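Report on the structure given below.
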Amino acid sequence: MKKTVLCFLILIPAACLAQKKIKTLELSDTIISAAVDRPGEFYLMTVSGQIQKFDKNGKLLVLYRHKGAPTLFDPRDGSRLFAYYRDQQQYDYLNPVFEVTAAYKIDDVFAIAPWLVTTSGDHKLWILDAVDHSLKKLNATHTAVEVEIVVDTTLIDDATTFTAMRDYQGFLFLLNPEKGIYIFNGLGKHIRTIEVSGISDFNFLGEELYYYKEGKINFFDLFSAESRSMECTGAPNTVLLTDERMLKVSFKSVDIFEFRP
């Protein structure tokens, strides 16, 4: 048994190096962020405000144009997409072909200066307020606050330093690129910080959170708190994973590889 386990651990880094390349996508516009939905289709957001949707093999499915890029975009399960625009204090829900099915302005009754807004479940919202550093969770009709907590200033002294917010598996995640990933429970209580600097985003695969940094994909199990890492060649800006694909995303291109977790 020990020999089998040792062999498996040695092969983990090699598996990443040996992936078969499927395709390289070249874009004329600059990619500023990327996302993947649960079925495995992926999305590229560009500086001009485009959101491009591709299937797992890199075939363009939808090209959506907006007058500005979203502050946060979460494709979730691919059936009900979420986009938040800070400059307009507006969030939109879109269907799979990028028709806006609902658009809402954020009522200042709930937040003085909404900095980040993300969806929670099918209909609820989390809001991070830049003025009082509070986290608020709105109910399904977005008419009442279910959870409200002012985060200790020793933890968050400037909400504007946070660049990303996601809700996943009953947890809320906030990214400070210089300090790390802050994890809160469903009641807004801080439970852990993954201390890491110099990352631009993070994502999820099953029960693990992962992020790319300096040639490695780092994994953190949300329930056991165990960590692992995997070598990854090249120097992309970020890496996205699905059950079948690895996407190495740079400013103007995406390399698509076969992948088995």
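Sorted by average packing, counted as other Cβ atoms within 10 angstrom per residue and highest first, what order do 158-168, 172-182 take?
For the peptides 158-168, 172-182, the packing ranking is 172-182, 158-168.
Applying 1/(1 + (r/R0)^6) with R0 = 25 Å to the Cβ-Cβ distance of Phe223 and Asp243, what FRET efficiency is obtained, to the nearest 0.05?
So the FRET efficiency works out to roughly 0.85.
Using a cut-off of 12 Å between beta-carbons, work out the net charge of the residues near Pro39 (Lys and Arg +1, Asp and Glu -1, Pro39 not included).
Combined, the nearby Lys, Arg, Asp and Glu give -1.
Would you mind checking the tilt of helix 2-17 against the longest principal axis of the Cα atoms of the chain, expressed as 0 to 90 degrees and rounded to 10?
Helix 2-17 sits roughly 70 degrees off the main axis of the chain.
Roughly how large, in nm² to one decimal, is the mean projection of the convex hull of the alpha-carbon atoms in region 167-261?
For region 167-261, the mean projected area of the Cα convex hull comes to 6.1 nm².
Test of understanding: what is the full-extension gain from Val100 to Ser79, defined as 0.36 nm times their sequence separation minus their Cα-Cα distance?
Full extension of this stretch gives 6.4 nm more.
Under 5 Å between amide H atoms, partner at least 5 residues away or on a different chain: which partners does Lys216 have, H built in plane at 1.01 Å?
Excluding prolines and chain starts, which carry no amide H, the hits are Cys232.
Which value, in debye to the nearest 20, describes the size of the charge dipole of the chain about its Cα centre when Lys and Arg Cβ atoms bear +1, Asp and Glu Cβ atoms bear -1, and nothing else is charged?
940
Considering every pair of different Cα atoms, what Kirkwood radius, in Å, is found for region 135-199?
Radius from the Kirkwood sum: 12.5 Å.
Calculate the FRET efficiency for Asp122 and His66 from the Cβ-Cβ distance with a Förster distance of 22 Å, rounded to the nearest 0.05.
That gives a FRET efficiency of 0.45.
Beyond 28 Å, what share of the Cα-Cα pairs of the chain is found? Please give it as a whole percent.
Tail fraction, whole percent: 35.
Which residues in region 34-53 place their backbone N less than 20 Å from a point set 7 Å from the Cα of Gln90 along the Cα-to-Cβ direction?
Output list for this probe position: 45-52.
If you add up the charges near Lys23, with Lys and Arg at +1 and Asp and Glu at -1, over every other residue whose beta carbon is less than 14 angstrom from its beta carbon, what do you get?
+1
Need the list of lysines near Lys20 for cross-linking: C-alpha distance under 30 angstrom, and skip anything on the same chain fewer than eight residues off.
Lys2, Lys3, Lys53, Lys56, Lys59, Lys213, Lys216, Lys248, Lys252
Using the per-residue mean of other Cβ atoms lying within 10 Å as a proxy for protection, in what order, highest first, do the peptides 67-74, 56-63 fall?
Order by mean packing, descending: 67-74, 56-63.
Need the C-alpha centroid separation for region 155-179 versus region 56-76, integer Å.
That distance is 22 Å.
Would you compute, from DSSP H runs of 4+ residues alone, the mean residue ellipticity of the chain at 222 nm, taking -39500 (n - 2.57) per run and dividing by the full residue count, rounded to the nearest 500?
About -2000 deg cm²/dmol.
What nm distance separates the two modelled labels at Val47 and Ile32, each placed 7 Å from Cα along Cα→Cβ?
0.9
Work through the residues other than Glu99 whose Cβ is under 14 Å from its Cβ and net out their charges, Lys, Arg +1 and Asp, Glu -1.
Within the 14 Å Cβ shell, the charges total +2.
Throughout, read-outs are computed from the coordinates displayed, never taken from laboratory work. Predicted model, so just to flag it, every value in this text is computed and none were measured. When we count neighbours, we look across all protein chains shown, and the Cβ atoms used for this are built from the backbone with ideal geometry, even at glycine.
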